[in-house]
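> My structure is below; once you've seen it, I'll send some questions.
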Amino acid sequence: MSGALPEPTRSRTVGSIPMQQRETIHRSTPQYPLWDDARSVARTSLPGNPLAPSAARRFVCAAIADWTNLGMLATCAFCRGAGGGCPPGQHSTDRLADDAVLIVNELVTNAVVHAGTTVELLCRLEESAVGEPAALVLEVSDHHPARAVRNEPHRGDPHRTESRGAEDRSGTPEYGRGLHLVAALAERWGITYRSGLKTVWARIPVDGWDTCPLPGTEPAPQRGLRAAEILAPTPRRTVREDQDWGSRGALSFLAEASDLLAGQLDEDMVAALAGQLLVPRLADWCAIWLEGEQGRTGWGTGGAAGAAPRLARVWHSDESCTEQLREALKKDPPPLPATSGNGPVPIPWPGEGEPGATEGTALAYRLVAGGRGLGTLLVARHGLARVPDEVTALIEDFARRVALAISAARQYTRQATISRVLQRGLLPSKVGQIPGVDRFLVYEPSDDGVAGGDFYDIFPAGSGGRWCFMLGDVQGSGPEAAVVTGLARPWLRLLAREGYQVGQVLDRLNGLLLDDAMEAAEAAALMVAAAGGRGVPEGQQARFLSLLYGELVPSPRAGGGVRCTLASAGHPLPLLLRPDGTVLTAAESQVLLGVVDDVAFQSETFDMEPGDTLLCVTDGVTERRSGSRMFDDDDGLARVLAGCAGLTAQGVADRIRQAVYDFGETPPKDDLALLVLQAQ
């Protein structure tokens with residue numbers, strides 16, 4: 001058919017998976033269909049908001065109605081026969097329209113939710129080809145091509161790519177059951193990547209649909225019923241139903257389990273995922289007990305050193321039985337002999353011998369990692385006198401993976417706890433309020449759970465209304481950096497209150513960082529690192545930091561304001577914003593602290609009139625990256641600050657923070673700290 005887009009002729013490979021290129025034309029169009037010369041293609045652009053799916057449904061219905069009225073589309077086998085016998089448009093395209101609407105609704109919803117960009121929708125009629133019926137092709141494109149989707153080649157065509165969608169913790173595709181619906185309705189579907197564009201397409205055959213209903217017969221199912229039938233949950237296969245489970249099925253199951261459990265940082269989440277993976281694939285129900293950090297001294301001997309294990313998760317294939325099962329299992333886990341190792345131990349069926357109790361086989365597995373008992377896994381199957389050996393061995397392998405995931409989650413929790421404790425000691429509980437100065441602070445540590453890095457403080461220092469402020473960044477991160485931070489801030493306070501001037505304070509702090517007395521701090525840091533499970537680094541550790549330090553006193557000039565004296569030691573330079581939008585650099589760059597022994601730091605003094613704003617930031621702001629560019633390239637920070645004239649201190653801070661976040665596509669990876677001081 002003239003006007004139909006050509007079939008793909010070239011492919012590329014991502015990893016080992018062939019990815020097919022589809023040449024598709026995308027352009028903005030009016031709200032209603034705009035046909036090409038052959039009137040076989042309709043396109044539109046939709047905004048990336050919640051209204052897009054409904055607009056897409058209306059567009060598809062209008063396109064199919066127009067094709068039908070033009071005589072281009074007849075899906076009834078009787079209508080396509082000699083003479084035709086059905087009034088045009090009476091019913092022949094109802095089923096096609098229903099399926100097309102369902103598919104486009106799911107694909108546009110996915111694009112809006114997961115990409116949030118403008119959505120391009122294309123509908124195309126394709127002529128019959130050799131071996132293939134005529135088809136309606138739907139293409140939904142978004143402009144966020146970086147979002148990865150797992151792909152697998154179509155069995156019948158090694159060059160066409162189809163997608164399952166990455167699975168979530170329950171084994172359902174990441175888009176819910178939407179792509180399951182698309183797969184059920186479409187002859188073929190898949191994902192195509194182009195520069196700046198990602199397209200999900202689906203092909204619905206036009207030939208071969210139901211014939212026209214005879215008078216008095218029931219109409220085709222309603223759209224909602226059809227969707228419900230397709231999306232109705234089907235039970236997963238079990239070992240009893242799949243004789244090949246012990247080979248390919250087992251490997252696939254363990255690979256999926258490793259994928260889902262890897263990187264989980266919460267032991268309760270690990271237990272929840274384990275239950276969902278086991279039931280109903282390998283068990284009718286399961287339960288997981290977790291022990292405390294101290295564990296238990298004996299298995300089946302009655303000895304216990306720590307708290308009693310807690311029932312972390314109960315999972316049943318029949319959700320209505322879950323609470324009843326929990327009540328039956330809420331006591332301690334079944335006792336296991338000390339010689340059981342990781343293997344299965346038969347356990348009496350809960351409620352065995354009681355009237356009305358069901359029967360089956362229950363097996364318990366110890367969860368052990370690094371020689372330490374972490375808990376117990378109990379699995380059960382109804383109506384089985386004995387679980388096959390290949391299944392018990394598979395669950396044993398699975399239990400090892402669960403134990404390793406729990407151990408890793410606990411190690412992360414220990415490290416995060418140490419970091420939180422250190423962080424609370426590194427930073428002031430509250431920031432002082434300077435008379436005559438509006439101040440606002442933004443501090444957002446990185447999400448890696450490691451203490452250290454940026455620090456700040458505002459405090460009074462002696463008489464005469466003198467206030468001091470600091471914003472610093474210690475080299476490195478973790479306990480080593482945290483210990484240096486924990487010493488630098490109190491030293492600065494002490495030196496300031498002893499009456500040292502700004503430059504002198506930096507001179508003495510520099511000497512302390514280079515002094516052998518810091519070896520004690522390093523030793524303490526290494527002990528903390530070892531306690532958190534980290535290796536002890538070898539050799540002398542660098543202990544330098546960048547620092548912006550200054551003091552404010554009431555201005556001697558009439559009309560208010562403050563006099564500011566400050567110095568920058570290897571730190572991003574502070575910027576001064578005048579009320580008219582002029583931006584000035586407020587200090588000179590000097591060497592980092594802790595690098596050079598014989599150095600004298602200099603300070604700058606200037607008056608801040610009412611309305612003047614001083615912006616101090618760490619390199620988490622200036623070095624925020626977007627590809628190869630940084631936020632402060634070409635004075636980017638100064639340009640944003642110039643547009644903040646007239647804002648309050650909080651308004652300036654919020655504007656700068658938002659600009660930093662908007663600069664890159666991903667959230668900042670470094671600590672983010674900025675201090676705004678505005679004279680009143």
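The values are calculated or read from the model by the stated rules, or taken from the named source; none is laboratory data. Predicted model, so just to flag it, every value in this text is computed and none were measured. Note: ideal-geometry Cβ built from the backbone for every residue, glycine included; neighbour counts use all protein chains shown. Please note that ligands, DNA and RNA were not included when accessible areas were found on the heavy atoms of the full protein model with its side chains. Shrake-Rupley method; radii C 1.70, N 1.55, O 1.52, S 1.80 Å.
> Being within 15 Å of ALA567 (Cα to Cα) and among the aliphatic types (A, V, I, L, M) narrows it down to one residue among VAL591, VAL660; which is it? If you could, list the steps in order and put the result at the bottom.
On the way: VAL660 fails: within 15 Å of ALA567 (Cα to Cα).
From the options VAL591, VAL660, the qualifying one is VAL591.
> Taking the stretch 562-586 on its own, how many of its residues are assigned to a loop (DSSP other than H, G, I, E, B) and either β-branched (Val, Ile, Thr) or within 20 Å of ALA653 (Cα to Cα) (or both)?
Pass one, the stretch 562-586, residues assigned to a loop (DSSP other than H, G, I, E, B): 570-574, 578-582, 586.
Now drop any that are not either β-branched (Val, Ile, Thr) or within 20 Å of ALA653 (Cα to Cα) (or both), which leaves 571-574, 578-582, 586.
Residues that pass the stated criteria total 10.
> Being closer than 25 Å to ALA272 by Cβ, small (Gly, Ala, Ser) and modelled with pLDDT under 85: is that true of ALA307 here? Full working, then the answer.
Details: closer than 25 Å to ALA272 by Cβ: yes; small (Gly, Ala, Ser): yes; modelled with pLDDT under 85: yes.
Judged against the criteria, ALA307 is a match.
> Collect the residues in the stretch 371-414 that are among the aliphatic types (A, V, I, L, M) and touching a Lys or Arg at 6+ places or on another chain (Cβ under 9 Å), keeping them in residue-number order.
Narrowing the stretch 371-414 to residues among the aliphatic types (A, V, I, L, M): 374, 377-380, 384-385, 387, 391, 393-395, 399, 402-406, 408-409.
LEU374, LEU377, LEU384, VAL387, VAL391, ALA399, ALA403, listed by residue number.
> Quick check on my filter: what residues within the stretch 566-589 are within 17 Å of ASP438 (Cα to Cα) and in contact with a strand residue (DSSP E or B) (Cβ under 6 Å, 6 or more places away or on another chain)? Quick ask: steps written out before the conclusion?
Step one: filter the stretch 566-589 for residues within 17 Å of ASP438 (Cα to Cα), giving 574-579.
PRO574, LEU575, LEU576, LEU577, listed by residue number.
> Name the residues in the stretch 198-211 that are open to solvent by 20 Å² or more (accessible area, probe 1.4 Å) and either at pLDDT below 85 or part of a loop (DSSP other than H, G, I, E, B) (or both), would you?
Within the stretch 198-211, ASP207, GLY208, TRP209, ASP210, THR211 meet the criteria.
> Here is a list: LEU593, LEU614, LEU584. Which entry is free of Cβ contacts under 8 Å to residues at least 12 places away in the same chain and touching a Leu at 6+ places or on another chain (Cβ under 7 Å)? Step through it out loud before you land on a result.
Working: LEU593 fails: free of Cβ contacts under 8 Å to residues at least 12 places away in the same chain; LEU614 fails: free of Cβ contacts under 8 Å to residues at least 12 places away in the same chain.
Testing whether each residue is free of Cβ contacts under 8 Å to residues at least 12 places away in the same chain and touching a Leu at 6+ places or on another chain (Cβ under 7 Å) leaves just LEU584.
> Quick one: which residue in SER407, SER477, SER419 is among the polar types (S, T, N, Q) and at pLDDT 75 or above?
On the way: SER477 fails: at pLDDT 75 or above; SER419 fails: at pLDDT 75 or above.
One residue alone meets the criteria, SER407.
> Next up: Can you pull out every residue in the stretch 165-197 that is at pLDDT below 60 and open to solvent by 10 Å² or more (accessible area, probe 1.4 Å)?
Taking the stretch 165-197 and keeping what is at pLDDT below 60, we get 165-178.
Scanning the stretch 165-197 gives ALA166, GLU167, ASP168, ARG169, SER170, GLY171, THR172, PRO173, GLU174, TYR175, GLY176, ARG177.
> Ok, one more. Tell me yes or no: at least one residue of the stretch 383-403 is of a type in the set (A, V, I, L, M, F, W, C), in a strand (DSSP E or B) and crowded, with 19+ Cβ neighbours inside 10 Å.
Within the stretch 383-403, the first condition is being of a type in the set (A, V, I, L, M, F, W, C), and the residues that meet it are 384-385, 387, 391, 393-395, 398-399, 402-403.
Keeping just the survivors that are in a strand (DSSP E or B) gives none.
No, the conditions are met nowhere in the stretch 383-403.
> Continuing with this model, one more query. What are the pairs, 6+ residues apart or on separate chains, where a residue within the stretch 254-278 that is of a type in the set (Ser, Thr, Tyr) has its Cβ under 8 Å from a residue that is open to solvent by 40 Å² or more (accessible area, probe 1.4 Å)?
SER258/ARG401
> Quick check on ARG420: is it surrounded by 16 or more Cβ atoms within 10 Å (Cβ to Cβ) and of a type in the set (D, E, K, R)? If you could, list the steps in order and put the result at the bottom.
Values: surrounded by 16 or more Cβ atoms within 10 Å (Cβ to Cβ): no; of a type in the set (D, E, K, R): yes.
No.
> Sticking with this one: Restricting to the stretch 587-634, count the residues that are assigned to a strand (DSSP E or B) and not small (Gly, Ala, Ser). Before you say what the answer is, go through the steps one by one.
Initially, the stretch 587-634 is screened for residues assigned to a strand (DSSP E or B), giving 589-590, 593, 604-608, 613-617, 625-626, 629-630.
Subset that is not small (Gly, Ala, Ser): 590, 593, 604-608, 613-617, 625, 629-630.
Residues that pass the stated criteria total 15.
> May I ask you to list the residues in the stretch 262-304 that are within 22 Å of TRP349 (Cβ to Cβ), at pLDDT below 80 and either open to solvent by 70 Å² or more (accessible area, probe 1.4 Å) or among the aromatic types (Phe, Trp, Tyr) (or both)?
If the condition is that a residue be within 22 Å of TRP349 (Cβ to Cβ), at pLDDT below 80 and either open to solvent by 70 Å² or more (accessible area, probe 1.4 Å) or among the aromatic types (Phe, Trp, Tyr) (or both), then TRP299 is the only one that fits.
> Which pairs turn up if I take residues in the stretch 360-377 that are crowded, with 24+ Cβ neighbours inside 10 Å and look for partners that are among the basic types (Lys, Arg) and at pLDDT 90 or above with beta carbon separation below 7 Å, at least 6 apart in sequence or on another chain?
Taking only residues 6 or more apart or on different chains, the pairs are THR376/ARG366.
> Another question about this same structure. For the stretch 646-669, name all the residues that are open to solvent by less than 40 Å² (accessible area, probe 1.4 Å) and in a loop (DSSP other than H, G, I, E, B).
GLY664, PRO668
> Inside the stretch 107-127, can you point out the residues that are part of a strand (DSSP E or B) and among the acidic types (Asp, Glu)?
Taking the stretch 107-127 and keeping what is part of a strand (DSSP E or B), we get 119-126.
Hits for the stretch 107-127 are GLU120, GLU126.
> I'd like to know if the stretch 503-522 contains one or more residues that are modelled with pLDDT under 90, closer than 29 Å to SER463 by Cα, assigned to a loop (DSSP other than H, G, I, E, B) and more than 39 Å from the chain's Cα centre (by Cα).
no
> In this structure, does GLY453 turn out to be open to solvent by less than 20 Å² (accessible area, probe 1.4 Å), at pLDDT below 80 and out of contact with any His (no Cβ under 8 Å at 6 or more places or on another chain)? Walk me through it before giving the result.
Numbers: open to solvent by less than 20 Å² (accessible area, probe 1.4 Å): yes; at pLDDT below 80: yes; out of contact with any His (no Cβ under 8 Å at 6 or more places or on another chain): yes.
Yes; evaluated as a whole, the condition is true for this residue.
> Tell me the residue from LEU672, LEU641, LEU592 that is touching a strand residue (DSSP E or B) at 6+ places or on another chain (Cβ under 9 Å), under 30 Å from SER555 (Cβ atoms) and of a type outside the set (D, E, K, R), please. First the steps, then the outcome.
Numbers: LEU672 fails: under 30 Å from SER555 (Cβ atoms); LEU592 fails: under 30 Å from SER555 (Cβ atoms).
After ruling out the rest, the residue left standing is LEU641.
> When the residues of the stretch 528-561 are filtered to those that are among the hydrophobic types (A, V, I, L, M, F, W, C) and assigned to a loop (DSSP other than H, G, I, E, B), which remaining residue is modelled with the lowest pLDDT? Let's see the steps before the verdict.
The first filter runs over the stretch 528-561 and keeps only residues among the hydrophobic types (A, V, I, L, M, F, W, C), leaving 528-531, 536, 542, 544-545, 547-548, 552-553, 558.
Subset that is assigned to a loop (DSSP other than H, G, I, E, B): 536, 542, 544, 558.
Numbers: VAL536: 42, ALA542: 54, PHE544: 83, ALA558: 78.
Selected residue: VAL536.
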